[in-house]
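The values are calculated or read from the model by the stated rules, or taken from the named source; none is laboratory data. Everything quoted here is computed from the prediction, not taken from an experiment. Glycine also receives a Cβ, built like all others from the backbone with ideal geometry; neighbour counts cover every protein chain displayed. We work out accessible area using only protein heavy atoms, side chains counted, and drop any ligands, DNA or RNA first. Shrake-Rupley method; radii C 1.70, N 1.55, O 1.52, S 1.80 Å.
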Protein chains: 4
Amino acid sequence: MAGNSIGNIFKLTTFGESHGKAIGGVIDGCPAGIELDIEFIQNELAKRKPGQSKITTQRKEDDTVEILSGLFEGVTTGTPIGFVIKNNNQKSTDYSHIEDKFRPSHADYTYESKYGIRDYRGGGRSSARETACRVVGGAVAKQILNHYNVTVNAYVSQVGEIKVLKHYSELDLSTTFSNPVRCPDENLTDMMFNYIDKIRKEGDTIGGIVSCIVSGAPVGLGEPVFDRLEADLAKAMLSINATKGFEIGSGFDGITQKGSEHNDEFFCHPGPVEGLDNKVRTRTNNSGGVQGGISNGEDIFFNVAFKPVATIMQKQRTINKKLEEVEIEGKGRHDPCVLPRAVPIVESMAAIVIVDHLLRNRTVKLIIDN
Amino acid sequence: MAGNSIGNIFKLTTFGESHGKAIGGVIDGCPAGIELDIEFIQNELAKRKPGQSKITTQRKEDDTVEILSGLFEGVTTGTPIGFVIKNNNQKSTDYSHIEDKFRPSHADYTYESKYGIRDYRGGGRSSARETACRVVGGAVAKQILNHYNVTVNAYVSQVGEIKVLKHYSELDLSTTFSNPVRCPDENLTDMMFNYIDKIRKEGDTIGGIVSCIVSGAPVGLGEPVFDRLEADLAKAMLSINATKGFEIGSGFDGITQKGSEHNDEFFCHPGPVEGLDNKVRTRTNNSGGVQGGISNGEDIFFNVAFKPVATIMQKQRTINKKLEEVEIEGKGRHDPCVLPRAVPIVESMAAIVIVDHLLRNRTVKLIIDN
Amino acid sequence: MAGNSIGNIFKLTTFGESHGKAIGGVIDGCPAGIELDIEFIQNELAKRKPGQSKITTQRKEDDTVEILSGLFEGVTTGTPIGFVIKNNNQKSTDYSHIEDKFRPSHADYTYESKYGIRDYRGGGRSSARETACRVVGGAVAKQILNHYNVTVNAYVSQVGEIKVLKHYSELDLSTTFSNPVRCPDENLTDMMFNYIDKIRKEGDTIGGIVSCIVSGAPVGLGEPVFDRLEADLAKAMLSINATKGFEIGSGFDGITQKGSEHNDEFFCHPGPVEGLDNKVRTRTNNSGGVQGGISNGEDIFFNVAFKPVATIMQKQRTINKKLEEVEIEGKGRHDPCVLPRAVPIVESMAAIVIVDHLLRNRTVKLIIDN
Amino acid sequence: MAGNSIGNIFKLTTFGESHGKAIGGVIDGCPAGIELDIEFIQNELAKRKPGQSKITTQRKEDDTVEILSGLFEGVTTGTPIGFVIKNNNQKSTDYSHIEDKFRPSHADYTYESKYGIRDYRGGGRSSARETACRVVGGAVAKQILNHYNVTVNAYVSQVGEIKVLKHYSELDLSTTFSNPVRCPDENLTDMMFNYIDKIRKEGDTIGGIVSCIVSGAPVGLGEPVFDRLEADLAKAMLSINATKGFEIGSGFDGITQKGSEHNDEFFCHPGPVEGLDNKVRTRTNNSGGVQGGISNGEDIFFNVAFKPVATIMQKQRTINKKLEEVEIEGKGRHDPCVLPRAVPIVESMAAIVIVDHLLRNRTVKLIIDN
């Protein structure tokens, strides 16, 4: 009810504030029998961690995850996986200037109003630092998906006005993390990097789009009506800090198409041996891999819009707790553009949703399995 | 888990297929002590019901709701409100041609795969007929919101390429339901109507956007982290048939703005009497009324993208259950454009989410209330 | 949150008041592909329905269930099963005398306090009439259990001081419903019947115990820690009107045993063919079929204590809404002993819990099922 | 779904195995604004911790809880409270003898069957060590209850055949923790202690009853139908290791009473000033403070039956993983009687349930609170 958990069967609960002792979480409902690769989890965290290049915040955190439970000799036992990531590099004095002021477009005012109290240091619970725990959950989810040959790949497809125009099938998604912008279109990476760096020098920030593709998902994921796969994906994405929009398949562009253009025709894709393993496929994929709320076996792809980061290194007008008008200026270490670090978070949330629905889908048919 | 419920405290569960005996639902968690206006519920259903004009499906349904429980002498008692809407005008023979065929971009194939069985008549559970039950839930939710002076207004802001360019504050939202298109921009309603009618005559369909504004919502709604208000709204909207996208506040347009442009400055809005009832407000509202996942007292506004309806009155290629390539042509009674009838559904889902969070918000502070 | 649902995957939601138009419910999460026997459901309802003999309430209700959804050509489709049972034989005038008075040991006072309003007619929502909906849910659950060869048998094992002393394995549980008391010990049925009838004539009521045995449940049902199988059974049983206690296996008697007496030794029960289908069993079953919260393949057996019905046909002192001391005397049609009619309710709740855990148990291991 | 959480609004999730790095948990939904007394939490843990006297296990654990989040300057902020308790004194070698054997009446066999893998060291997740996390949750819940003047007192009321015959109102419950048995009847404490010590020397174990009284709970807690207060208490109690039964109010003894004896008459208890603060009370309390599933303002009291601990220091026959018959003998450090250490656990679970329902109860009426 307090909203710190996501998932129904595969459930992630997170805790922790930006400048508290530690952040952490519990992954409940992870199936037993999975050999967990801890190094992989750590590598995923490295993709999100601060201080990776000059276009991200300079806060230094190892983000070393410590798994406290749920594993026996490296294998999941079906019991909850508790984990902790220590906060090492807090500079809480950076935040004394906002103890009494509400930063524009931040959560300061709404938290103060809702709870009557807030940990203002580094944004407390509202800090994007919380998303490190999502990456841990996602890294476990991805290892489950490996067993099903499902892959999740996100990348930065737009920064400000600079937009990847190629279809994702024309890109080499394995190159995404080879550059600090996390864009697989090599023609654009430098341009994006330089643009973000210019914005940073201006003390300003900029938004963009992360695109994500889930390939190999089986037919049948998603519960029709309220828990459609796209509904759960939308919720997961809009739960990430700084997101303002979500679209799947044809998305907002699909509204100007006619049904005769937009519909995805089915055809029978022949298997490797004649008459065997024929597969139902669609010629186009405006549906984005989901029909009637349920995956149809095609790629699931969607876009997530991120607004520019609220903390800017410029003077702004705002008010304080006494409702007096005051000036405020960003201090501390912040990202000029959240997009590069958002890529592993989007992947993580997608992986968590897909695994949850994979497990839910095991319960819908009468199976005499005992 | 099977996804037929939405909400945590104020919870709607729906049941029913397009061509079964009835559809219906249960509203659980409605507070006690509310004098329910049944006629209002019926009027809300009338806004959604088929057959209202030549640009909607010609299926004739009274959509008379029968409340079976939860009221005593017209007042809610805190017990669940069960309700039923009979299906009267099924023409199941219209659907025999799709018993074995998978309609493109419909839920036929995914349901068949997921469950191994489907009620093909009228799309069964995947039919938009289910949304009538959401309107009942929404009509109850709206009556709760009345007590808090919260209003929910949606309207059609785009059909194909025809787009309302005015800001919602320039429109008279009380006129939305006075025209069959459900657009409050009188300069565009005829154009939209004629366009949809032309599309209908071509046997084709078209998509568009429904915009929605929630005014008067108190500060503090939404749980940070996973159950942010915008995340729950996104899920609710993407759970509506034919939706492909959601954006709140600046949305997808906000990505090209810089933080210095996008940030919403706080100021103190003076109350009617000097020094009394001063209110924290923002000068702009790119946030869309939500900051850090929590409402800030400004208008909550968002857009929902609808794809063109999948059923078209034209020949299309597809496959049947034997995976043979076949032709299919739409029959039966269908909407050429789902937008006009979607307006009350968007409003209903928004109202349900807001009421749920109003009730959740009662539990976050230490209150000695006993 | 309002507590009208039970189950996680197989979920029953009920609605309805004793003297409203109808009671009913929604069964969500029933697996697809089950040929439902509606007559069986009706027969189960007949076991619970009022007016069966002179030792039960004389209210006459057909208790005809109408299934509104979730079936296609008699087979479950995985969509929610909505159902309604009309109230026909309300005599609401019987209750005008309690409009302003709080009946001792009834829910009148607590409902009035909690909600500020109550439907006093027949007890409204607090009436045991609600349990008819549980029997519908249970009758569906039992049909699922049939596919797993799991049986659920409850019976009256004690009425007042008259107690079945035989172990359940010495009784023919198939005879339970052949007598109005629902006791399979033929030596006691007449004695119990006559005792209840005597109590009835005195205008009084009496309590007792219902015992229940679940046979054939596979190993592995139940989630350790909070959702242990016995914890979920205890909750399900204590959710039935008039229950005051629950014990499983050795129960309250086990507390005086030593561990060396109480422990259930494991042994290997040989299969029909040497070396094949050997089964782990226990020599005794003080555990009641559950160890560490998880079923071990032995019979699950438990007892449920029912207090005497609160409504008696004798004068009692109480207070009214103005807190004035008044006299009250039972009117209307009531059960002198709830036990006989409770038997199908206990079975139903047990079946619902077992099916829910059967489905939950499908998700705990890594299975490459796609 | 995996059952490691309890509560709806005030929700405790626990993780950790007996011999892993640490156990811990997350308390989500704790209201903001509560000054938490950490020392009180530590004192509550001290009541449960092992090694307190010769009649408890000699495992030495400080059970020092480290709160990682959710507090700002000592006050709850409404964000999740993450906590960790390190495991220091594992002696995992003590358990190598059970790696392949199933201990009678333990969870070894059921875990192995359910998950295909188990952490056999110290019972892994099935160890009662997990209950330390419940005590942390309970200690937070109790501090919330303090604000409502609600107290929770449990005590050992029976060990084997030695039973407290006095009504709890005749006992000084403040003395419970002054003796190692946790029994407030000074005439019995030595007898119980000596009896348990004798059992211990025999290498055997014994069961008993913990009684619990919740005083001061307001009228209105509990949701009728499935989430009755007594149903949620029953579940919470049966979720504690080694419990076999639960009874509330008259419990199993009430079944032999007639309604005319059992009913609790209401009367008006005059307030301190004439005509002011009159209170509805009952002359007797066979209901145990709950009517129709909802608290009525009287004391809530219930009993919990605990079986003898399964681990005995005697030879027993059992089987190993290969289903061969083998002998097994308890090693390691174990409790001869779980009762003394169970007292704070019962209190904790009760406090958690009561707080959860206090918060749930805030949402049932129409309140214009904004």
Exercise for review: Being within 30 Å of A:HIS334 (Cα to Cα) and among the aliphatic types (A, V, I, L, M) narrows it down to one of B:ILE240, B:ILE248, B:ILE328, B:ILE312, so name that one.
Suggested key: B:ILE248
Exercise for review: State all residues of segment A:320-358 that are closer than 18 Å to A:GLU202 by Cα and either of a type in the set (D, E, K, R) or without any contact (Cβ under 8 Å) to a residue 24 or more places away in the chain (or both); if no residue qualifies, say none.
Suggested key: A:GLU329, A:LYS331, A:ARG333, A:ASP335
Point to revise | Selection count where residues are out of contact with any helix residue (DSSP H, G or I) (no Cβ under 9 Å at 6 or more places or on another chain), more than 14 Å from chain D (Cβ to nearest Cβ) and surrounded by 24 or more Cβ atoms within 10 Å (Cβ to Cβ), scope segment C:76-126 | key: 2
Review point. In this structure, does A:CYS183 turn out to be over 16 Å from A:VAL304 (Cβ atoms), open to solvent by less than 10 Å² (accessible area, probe 1.4 Å) and not aliphatic (A, V, I, L, M)?
Key: no
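Checking the conditions here, which among A:ILE9, A:ILE27, A:ILE34 is under 24 Å from A:GLY222 (Cα atoms), in contact with a Gly (Cβ under 9 Å, 6 or more places away or on another chain), more than 13 Å from chain B (Cβ to nearest Cβ) and not basic (Lys, Arg)?
A:ILE27
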Review point. Within segment A:224-245, which residues are more than 7 Å from chain B (Cβ to nearest Cβ) and either more than 18 Å from A:GLY138 (Cα to Cα) or open to solvent by less than 10 Å² (accessible area, probe 1.4 Å) (or both)?
Key: A:LEU229, A:LEU233, A:ALA236, A:MET237, A:ILE240, A:ALA242, A:THR243
Review point. Just for segment D:208-223: of the residues that are open to solvent by less than 10 Å² (accessible area, probe 1.4 Å) and more than 15 Å from the chain's Cα centre (by Cα), which one is farthest from D:LYS142 (Cα to Cα)?
Key: D:GLU223
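On the given criteria, is D:LYS54 away from chain C (no Cβ under 14 Å) and open to solvent by 10 Å² or more (accessible area, probe 1.4 Å)?
Here the answer is yes, as D:LYS54 does meet what is asked.
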Point to revise | Members of segment B:246-262 that are open to solvent by 10 Å² or more (accessible area, probe 1.4 Å) and either in contact with a Ser or Thr (Cβ under 8 Å, 6 or more places away or on another chain) or hydroxyl-bearing (Ser, Thr, Tyr) (or both) | key: B:GLY249, B:SER250, B:THR256, B:GLN257, B:LYS258, B:SER260
Point to revise | Condition met for D:ASP197 (out of contact with any strand residue (DSSP E or B) (no Cβ under 7 Å at 6 or more places or on another chain), open to solvent by less than 20 Å² (accessible area, probe 1.4 Å), under 30 Å from D:ARG182 (Cα atoms) and not hydrophobic (A, V, I, L, M, F, W, C)) | key: yes
Check your understanding: Could you list, in sequence order, the residues of segment C:169-223 that are of a type in the set (Val, Ile, Thr), farther than 30 Å from D:ASN241 by Cα and within 11 Å of chain D (Cβ to nearest Cβ)?
Key -> C:ILE199, C:THR205, C:ILE206
Review point. In segment B:127-144, is there at least one residue being among the β-branched types (Val, Ile, Thr) and open to solvent by 20 Å² or more (accessible area, probe 1.4 Å)?
Key: no
Review point. Can you tell me which residues in segment A:2-44 are β-branched (Val, Ile, Thr) and open to solvent by 10 Å² or more (accessible area, probe 1.4 Å)?
Key: A:ILE6, A:ILE38
Practice item. Determine whether B:ARG48 is closer than 30 Å to B:PHE193 by Cβ and open to solvent by less than 10 Å² (accessible area, probe 1.4 Å). Key: yes
Check your understanding: Between residues in segment A:260-275 that are at the interface with chain B (Cβ under 8 Å from one of its Cβ atoms) and residues that are among the small types (Gly, Ala, Ser) and part of a helix (DSSP H, G or I), which pairs lie under 8 Å by C-beta distance while being six or more apart or on different chains?
Key -> A:HIS262/A:GLY254
Check your understanding: When segment A:333-344 is examined, which residues are found to be in contact with a Lys or Arg (Cβ under 7 Å, 6 or more places away or on another chain) and either open to solvent by 10 Å² or more (accessible area, probe 1.4 Å) or of a type in the set (S, T, N, Q) (or both)?
Key -> A:ARG333, A:ASP335, A:ARG341
Practice item. Would you mind telling me which numbered condition in (1) out of contact with any Gly (no Cβ under 9 Å at 6 or more places or on another chain); (2) touching a residue at least 24 places away in the same chain (Cβ under 8 Å); (3) in a helix (DSSP H, G or I) B:LYS54 fails? Key: (3)
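Can you go through B:ASN146, B:ASN194, B:ASN179 and tell me which one is within 21 Å of the chain's Cα centre (by Cα) and free of Cβ contacts under 8 Å to residues at least 12 places away in the same chain?
Working: B:ASN194 fails: within 21 Å of the chain's Cα centre (by Cα); B:ASN179 fails: free of Cβ contacts under 8 Å to residues at least 12 places away in the same chain.
The conditions single out B:ASN146.
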Exercise for review: Please enumerate the residues belonging to segment D:345-370 that are among the acidic types (Asp, Glu) and open to solvent by 10 Å² or more (accessible area, probe 1.4 Å).
Suggested key: D:ASP369
**Study point:** Residues of segment C:95-109 satisfying the condition of being at pLDDT 95 or above and either in contact with a Leu (Cβ under 9 Å, 6 or more places away or on another chain) or of a type in the set (Gly, Ala, Ser) (or both)
**Key:** C:SER105, C:ALA107
Point to revise | Pick from segment D:145-172, criterion part of a loop (DSSP other than H, G, I, E, B) and open to solvent by less than 10 Å² (accessible area, probe 1.4 Å), ranking: nearest to D:LYS49 (Cα to Cα) | key: D:GLY160
Check your understanding: Which is at positive phi and open to solvent by 50 Å² or more (accessible area, probe 1.4 Å), of C:GLY275, C:GLY288?
Key -> C:GLY275
Exercise for review: Could you please give the count of residues in segment B:142-158 that are more than 8 Å from every other protein chain (Cβ to nearest Cβ) and within 16 Å of B:VAL343 (Cβ to Cβ)?
Suggested key: 8
Point to revise | Subset of segment C:298-319 (residues that are touching a residue at least 40 places away in the same chain (Cβ under 8 Å), more than 7 Å from chain D (Cβ to nearest Cβ) and open to solvent by less than 20 Å² (accessible area, probe 1.4 Å)) | key: C:ILE300, C:PHE302, C:VAL304, C:THR311
Review point. Out of all the residues in segment C:115-138, which are of a type in the set (Lys, Arg) and within 12 Å of the chain's Cα centre (by Cα)?
Key: C:ARG134
**Study point:** Residues of segment B:1-46 that turn out to be among the acidic types (Asp, Glu) and in a loop (DSSP other than H, G, I, E, B), as a count
**Key:** 2
